[in-house]
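The values are calculated or read from the model by the stated rules, or taken from the named source; none is laboratory data. Note that the coordinates shown come from a computational prediction; the quantities given were computed from them, not determined experimentally. All Cβ positions, glycine included, derive from the backbone under ideal geometry; neighbour counts span all protein chains shown.
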Amino acid sequence: MSISTAVALVLALLSTTITNLAYLREHDAAAALPVLSMRRPLHSLQLLLGDRSWLVGFAMESGGFLLYAAALALASLSLVQSINAGGIGVLAYVSAQISGRHLSTRELSGVIVSVVGLLALAVSLVGGSGEGGHGSAAAILLWLGASAAVALLVLLLGRPLLGVAVAAGVAGGLFFSIGDISTKLLTQGGARMGFVVTVIIGYSLGTALLQLGYQAGGALTVAGLATLLTNALPIAAGTVVLDEPVPAGAFGGLRVLAFAAVTAGAFLLASPESQAAK
């Protein structure tokens, strides 16, 4: 494993820890505010910016993003996101401590599976961690467009079926995944600096939807579901549309196992079944 990859993984670990702690702070602040609405964006923004606790959380989230962007400049999207996926364990543990409850069997299983996945990832790095190609612009745009379309569909049809908290978490995660993939594209420079537009759109809508979800559900429900999609989709996109390589042989199998494990761990932690206690 190269020095740049090692530094990237440390930055990614710091990023996901800070970001998930920020989600908890934003949740508590947003939940205490008057009702926020996408139909009154300026009023809702004024409420959020006028709350000091929420601003601290948002500042933490912004710091986490800067660390994430630095990690992406040094390593592949799939590797960085696999580390970020493990951060949901931080979210589960700290939210349980704040609420004064013990982690359920399902949540504890999620933490263990995520840790196993991260260990498998670390071992697989012996087999290489190349950056891969830049991918096709058409394929990338199709992926981002499809993600946005699914997010809008969830918002239109999912709220009466799934509830506001779940729909906001899923749609927010889809928009955040657009921002994460676009951030990687920005680090490639040149014409791909134009993806700054999708960075702004993805993160702005993702952040707004999470705040709405926080007022309707627990932090682990909303941020957990968002984190699941925010990590799983970029991991897949790294291989499918950005041509990021997977090592051959046993190390390649271990890398795939690692990606699957961290995604499964996030799913266990974000599952509605584990949300009985908020």
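Before moving on, here are some points about what is shown:
- If you filter segment 48-79 down to residues that are surrounded by fewer than 18 Cβ atoms within 10 Å (Cβ to Cβ) and more than 30 Å from SER4 (Cα to Cα), you find that the one that is farthest from the chain's Cα centre (by Cα) is GLY50.
- Among the candidates ALA71, ALA75, the residue that is in a loop (DSSP other than H, G, I, E, B), in contact (Cβ under 8 Å) with a residue 60 or more places away in the chain and touching a helix residue (DSSP H, G or I) at 6+ places or on another chain (Cβ under 6 Å) is uniquely ALA75.
- Meets criteria (in a loop (DSSP other than H, G, I, E, B), farther than 19 Å from SER15 by Cβ and not aromatic (Phe, Trp, Tyr)) for LEU242: yes
- Top-ranked residue in segment 1-41 [being outside any helix (DSSP H, G or I) and either among the polar types (S, T, N, Q) or surrounded by 14 or more Cβ atoms within 10 Å (Cβ to Cβ) (or both); ranked as modelled with the highest pLDDT]: LEU33
- Per-region count, segment 103-112, residues closer than 12 Å to VAL262 by Cα, touching a helix residue (DSSP H, G or I) at 6+ places or on another chain (Cβ under 6 Å) and surrounded by fewer than 22 Cβ atoms within 10 Å (Cβ to Cβ): 2
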